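Shown next, in structure tokens, is the structure this report addresses.
Just so you know, all these numbers are worked out from the coordinates, no wet-lab data involved. As the structure is a computational prediction, the values presented were derived from the model and not from experiment. Reconstructed Cβ throughout: ideal geometry from the backbone, glycine too, with neighbour counts over all protein chains shown.
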Amino acid sequence: MRSVFQYVRPASLEEAIQWLAANASETVVFAGGTDLMPAMRKGEISCSYVLDISRLDELKVIGLENDRLVIGAGVTYTDIVENDVIREQAPTIAAAARCVGSEQIRNVGTLGGNVGNASPAADSIPALMVHNATVEIVRTGVIQTRPLAEIILGPYHTSLMPGDLITKFYLEPLPAPYRTVYQRIGRRRAMAISRINLAAAVLIDSQGAISDFRMCIGSMTPQPYRASSVETMLVGKTPNRTIIVDAARLASQDMIKRSGVRSSTEYKKPAAEGLIIRSLCELFAVDMGEDEKQCEP
Amino acid sequence: MPQSPSPIKISFELNGITQEVEVMPWDTALAALRERLGLTGVKEGCGIGECGACTIIVNGRAVDSCLMLAAQLDGCIVETIEGLAKDGRAHPIQKAFLDAGAVQCGYCTPGMIMSAKALLDKHPKPGREEIIRFMSGNLCRCTGYQQIIEAVDRAAGRDAKLEDAEDGS
């Protein structure tokens with residue numbers, strides 16, 4: 001049986017916040033609807049109200065503000081893919097957005113929805129993590145900004161409270177000469193959700209050594225995994241195949257420590273290592289070697 | 001206590017004509033178009049945004065109408081397959097699908113054609129890769145896709161020829 005509710009479309013962000021102040025526990029926030037609609041079809045959404053925030057212009061901002069890249073929570077993947085500022089300042093976000101679902105999904109799905117739903121397969125989250133993203137959350141009279149890493153507690157589980165509305169993301173820009181990569185493993189290229197995904201960024205100094213490196217792997221651990229041990233290991237090094245393989249081993253061991261050994265580990269460990277090696281070879285422009293080439297999709 | 005849900009009156013431009021209709025808050029755009037307005041060219045395949053059979057164009061962008069609430073159509077410009085043929089003549093994309101043999105059972109065809117239209121409206125001369133990428137949210141279980149890709153390719157070329165002919169006349 002389809003879920004039954006009333007539909008509310010606020011005319012402004014202020015109206016949306018006021019509505020949530022009065023009705024938070026009875027309201028589900030509807031952004032792109034790509035996760036909510038299938039749930040409603042199954043009757044899984046039990047609430048009195050659906051608050052449609054998809055038309056709020058306040059949530060569609062994209063721009064640079066005090067050395068931070070600001071992306072509104074209501075920005076769709078298509079908006080991201082087509083935006084020059086994001087393509088320049090955060091190419092890994094654009095690359096992740098291009099991987100999402102299909103044209104139809106990218107046209108409505110939003111960044112705020114991807115984070116709020118906290119799917120372990122979310123494409124945008126590892127990319128946002130590489131940019132040390134913080135999340136602006138508004139509830140009646142209170143605006144707070146918290147690190148994204150503190151928002152995602154586990155699969156489909158966030159630290160957001162009823163009445164909290166994600167309004168914006170603040171990102172550290174990583175324009176050239178930063179190099180970035182986003183890769184994923186899915187069962188097929190289109191539509192399939194990520195089984196493992198990876199975002200990384202690197203800055204190489206004039207001597208050819210790594211001066212900044214960031215890598216986040218999604219869908220493997222309960223929370224998105226920012227590979228800080230690997231990051232520390234690689235800074236100061238000159239990229240080559242050996243350290244890439246070492247980095248992949250270290251990251252996969254680290255992730256297994258966090259998630260525990262599961263039935264999927266036998267598949268995910270080599271798959272993750274392969275994904276890391278392939279991604280970092282691309283990122284560092286290092287020749288991949290014959291073994292991994294055979295595994296190319 | 002919340003009031004019991006009541007119908008919502010929405011108004012939108014449907015295939016060039018202003019349309020007013022009452023919908024329930026939980027109606028999908030797909031249900032409103034098919035069941036309330038009788039546009040049965042909008043097909044329900046999977047109902048969860050995987051297959052693209054229900055693709056319509058809203059404000060110039062292809063969307064799965066099963067993933068939209070009918071209430072969201074309010075104030076929008078909506079295009080469905082029913083709006084494509086003019087004066088009894090098939091739209092160039094429809095013609096291209098026939099010529100390329102891109103239709104077998106036909107169930108995915110309206111969604112395919114609407115995706116193709118959204119693509120060609122935006123990029124009149126897409127490359128083959130771009131066609132494949134753009135159309136990847138539409139599933140077909142009969143044709144094996146090659147004829148569909150060819151049809152979109154032809155439609156892109158045919159548009160240009162038509163324009164040339166019109167310019168020359």
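Details
- For the pair A:LEU203 and B:ASN59, label points projected 7 Å from Cα toward Cβ lie 3.7 nm apart.
- Summarising the label geometry, the points placed 7 Å from Cα in the beta-carbon direction at A:SER211 and A:LYS257 lie 3.0 nm from one another.
- Top positive-direction residue, dipole computed over chain A with Cβ charges, set A:ILE62, A:GLY116, A:SER12: A:GLY116
- Summary of packing: across the peptides A:219-232, B:9-22, the per-residue average of other C-beta atoms within 10 Å ranks them, highest first, as A:219-232, B:9-22.
- Ordering A:97-104, B:66-73, A:254-261 by mean Cβ neighbour count within 10 Å, with the highest value first, yields B:66-73, A:97-104, A:254-261.
- 20 Å-binned pair-distance histogram of the protein assembly as shown (Cα, whole percent): 23, 52, 24, 1
- Acute angle (nearest 10 degrees) that the helix B:146-168 long axis makes with the longest principal axis of chain B, alpha-carbon atoms: 80 degrees
- Taken about its Cα centre, segment B:92-168 carries a charge dipole of roughly 340 debye when the Cβ of each Lys and Arg holds +1 and the Cβ of each Asp and Glu holds -1.
- Helix A:241-259 axis, angle to chain A major axis (alpha carbon atoms, nearest 10°): 40 degrees
- Between A:THR265 and A:SER46, the distance separating the two model label sites (each 7 Å from Cα on the Cα→Cβ line) works out to 3.7 nm.
- Amide N proximity, segment A:215-245 versus A:LEU153 label position 7 Å along Cα-to-Cβ, cut-off under 17 Å: A:222-224
- Distance-filtered residues of segment A:56-98 - backbone nitrogen under 16 Å, label point 7 angstrom along A:GLU14 Cα→Cβ: A:56-59
- Computed about the Cα centre, the dipole magnitude for segment B:8-83 is approximately 40 debye when only Lys and Arg (+1) and Asp and Glu (-1) carry charge, each at its Cβ.
- Whole-Å distance, taken between Cα centres, linking segment B:71-99 and segment A:153-185: 38 Å
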